[in-house]
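J.: Can you keep this structure in mind? I'll have questions shortly.
The values are calculated or read from the model by the stated rules, or taken from the named source; none is laboratory data. All of these numbers come straight from a predicted model, not from anything done at the bench.
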Amino acid sequence: MRQLEQKLTEAQAKADLLIAQHRRARAVGKAHDARVAIGDHSKSAAFDRLKHKVTHNEAVSLAKSEIGADDVEDRFTAMEKSDRIEQLLAEMKARHA
């Protein structure tokens with residue numbers, strides 16, 4: 001009777017082990033299938049993200065250069081006005097002197 005119980009226990013342990021191995025194999029298979037399915041999309045998505053990032057950085061750089069150019073132009077305009085004002089003041093002083 002003891003041998004029969006021992007064999008039954010061993011059989012149950014083997015069955016549990018086989019069930020666990022089967023579940024693991026299914027999980028690994030599903031994970032692999034998911035990686036394969038996502039693989040093409042993730043590469044495409046990564047490329048799209050990179051393309052978007054480059055486009056964004058180009059736009060930011062262009063905007064900064066335009067802002068910088070406007071600032072320089074404004075400075076030149078202000079300097080020209082200042083020079084013109086000083087010239088007019090010098091002419092007025094010369095007339096009154």
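J.: Would you check if GLN6 is at pLDDT 90 or above and assigned to a helix (DSSP H, G or I)?
T.: Criteria not met by GLN6.
J.: Now, a different point. I need the full set of residues from segment 29-59 which are aliphatic (A, V, I, L, M) and modelled with pLDDT under 90, in order please.
T.: If the condition is that a residue be aliphatic (A, V, I, L, M) and modelled with pLDDT under 90, then ALA31, ALA34, VAL36, ALA37, ILE38, ALA45, ALA46, LEU50, ALA59 are the ones that fit.
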